[in-house]
Amino acid sequence: MPCHVAGSFAELCRHIGDGAGAAIISEEAFNGESISPLLDILQNQPPWSDFPVILLTVSGRVTVESERLRKLRTPLGNIFLLERPIRPETLLSTLEIALRGRQRQYQIRDQIHQYSLAQEALLRSEKLAVTGRLAASIAHEINNPLEAITNLLYLMRCDPSPEQLKIFLADAEQELARVTEITKQTLRFYREPSQPVETDVASVLDSVLKLYTNRMSVAAVSVQREWRTSNAVVLSTPGELRQVLANLIGNAIDAMRGGGHLRIRLSEQHTSPLRGSICISIADTGIGIPPEILPSIFEPFVTTKGETGTGLGLWVTSEIIRKNGWKIRVHSCRAAARSGTVFSIIIPKLGEPFVTSAHAAAAIAHT
């Protein structure tokens, strides 16, 4: 077996950093603070790593010195004790076991890396899907006023009276203004910053609802806005906040295929521990979420839409919320007399303590 002889713990740590599979250490090397570099590197291993150490101990009964050495080696973690004198085949067998375990750790590391790459790919694909759905909504919204303008032009050619012609022209101007507003909204999406900035939640909500106007009209879904605060400014990437809201509002519309009522509430939380937070509630009167699915709705590929759903929308939503340190809660009911689902998103107000994903994960709860 290829090996390297290290004259100090510092040199041993360099070999570990270079990819050593295991270390064989004699107990006599435990002298004073000499073990500190090894303890540092072992206590700061990545989650997948548990570096194996084979320690050659002195035979004999328990003494004050042996107890001191035992306390020194306790923090080493994945340790194999071999009492000298050692038969060569015993040492070799122990080393092979340690190396096999280390190899499995590297396999776990590679699997974690592959999972991370797959997760990133899924996030990108769902973001593209959301972009496609928004583009389709924009196309529908632009197509409606264009059709109205086409009809108005046809009526103008039918030699109407001057008074009627003025009415047709006014209607056409109104429809063109609507197209202009939709175009401005679309350009605003394109020019939005990719870093967190001061974001007015009400404006983002209004822009999402405008994009879904045609879809809600076709589905016979009415909308009720309840803006209970006039200062709903948060630190957020507008695109990510819009994607979260578009996912939740889109799901709410899908749940009300036969018509229903969508209530959007924007309020400020004043009670501990959510003091200084903005709460966005999206409630529908749809079919609700089955109780057996509710605990896992934020997991990838979980869907209640059958073959028409990817099962990625709520997972991406939860990932965005987790990354930003926000919170999301869901309550759903499938009772015959009262059905529907309510999603609530809690976001710290601008100027309040902001928790990032590096320090805490989002609280995702269901009831």
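Which far-off residues, 5 or more places away or on another chain, put their amide H under 5 Å from the one on Ile24, with H placed in the peptide plane?
Ile54
Whole angstrom only: what separates the Cα centroid of the stretch 1-61 from the Cα centroid of the stretch 212-287?
The stretch 1-61 and the stretch 212-287 have Cα centres separated by 56 Å.
Where does each of Lys323, Lys71 land when they are ordered by accessible area, with a 1.4 Å probe and the largest first?
Lys71, Lys323
Can you give the FRET efficiency for Ile86 and Arg109, using 1/(1 + (r/R0)^6), R0 = 30 Å, r = Cβ-Cβ distance, to the nearest 0.05?
With R0 = 30 Å, the Cβ-Cβ based efficiency is 0.45.
Show the residues, 5+ positions off or on another chain, whose built amide H is closer than 5 Å to the amide H of Gly260.
Val221, Ser222
Round to the nearest 10 and report in Å² the accessible area of Arg68, as given by a 1.4 Å probe over the protein chains' heavy atoms.
100
Quote the FRET efficiency, to the nearest 0.05, computed for Gln164 versus Trp227 with a Förster distance R0 of 41 Å and r equal to the Cβ-Cβ distance.
Between Gln164 and Trp227 the formula returns 0.55.
In nm, what is the difference between 0.36 nm times the number of residues separating Ser26 and Asp206 and their Cα-Cα distance?
Once the chain is fully extended between Ser26 and Asp206, it gains 57.8 nm.
For Lys349, what residues show an amide H to amide H distance below 5 Å, using hydrogens built from the backbone and excluding near sequence neighbours?
Distant-sequence amide H within range of Lys349: Ser277, Ile278.
Tell me the label-point distance for the pair Val58, Thr183, using the 7 Å Cα-to-Cβ offset, in nm and rounded to one decimal.
Between Val58 and Thr183, the simple spin-label model gives 8.8 nm.
Could you give each residue of the stretch 46-54 its phi-based ³J(HN,Hα) in whole Hz, using Karplus coefficients 6.51, -1.76, 1.60 with θ = phi - 60°, and x for Gly or Pro?
Result, ordered by residue: x, x, 7, 9, 8, 4, x, 10, 9 Hz.
Hey, can you find the accessible area per residue of the stretch 34-108 for me, probe 1.4 Å, expressed in square angstrom?
Normalised by residue count, the accessible surface of the stretch 34-108 is 62 Å².
Could you sort Cys3, Cys333 by accessible area so the largest value comes first, with the probe set to 1.4 Å?
Descending accessible area places them as Cys3, Cys333.
Considering only protein heavy atoms, with the full assembly of protein chains and a 1.4 angstrom probe, order Tyr212, Tyr154, Tyr106 by accessible area, largest first.
My answer, sorted largest first, is Tyr154, Tyr106, Tyr212.
Would you please give the FRET efficiency between Cys333 and Asn143, computed as 1/(1 + (r/R0)^6) with r the Cβ-Cβ distance and R0 = 41 Å, to the nearest 0.05?
Calculated transfer efficiency: 0.65.
The values are calculated or read from the model by the stated rules, or taken from the named source; none is laboratory data. This one's a predicted model, so the numbers in the text were calculated from it and none came from an experiment. When we count neighbours, we look across all protein chains shown, and the Cβ atoms used for this are built from the backbone with ideal geometry, even at glycine. Calculation scope for accessible area: heavy atoms of the full protein, side chains included, ligands and nucleic acids excluded. Shrake-Rupley method; radii C 1.70, N 1.55, O 1.52, S 1.80 Å.
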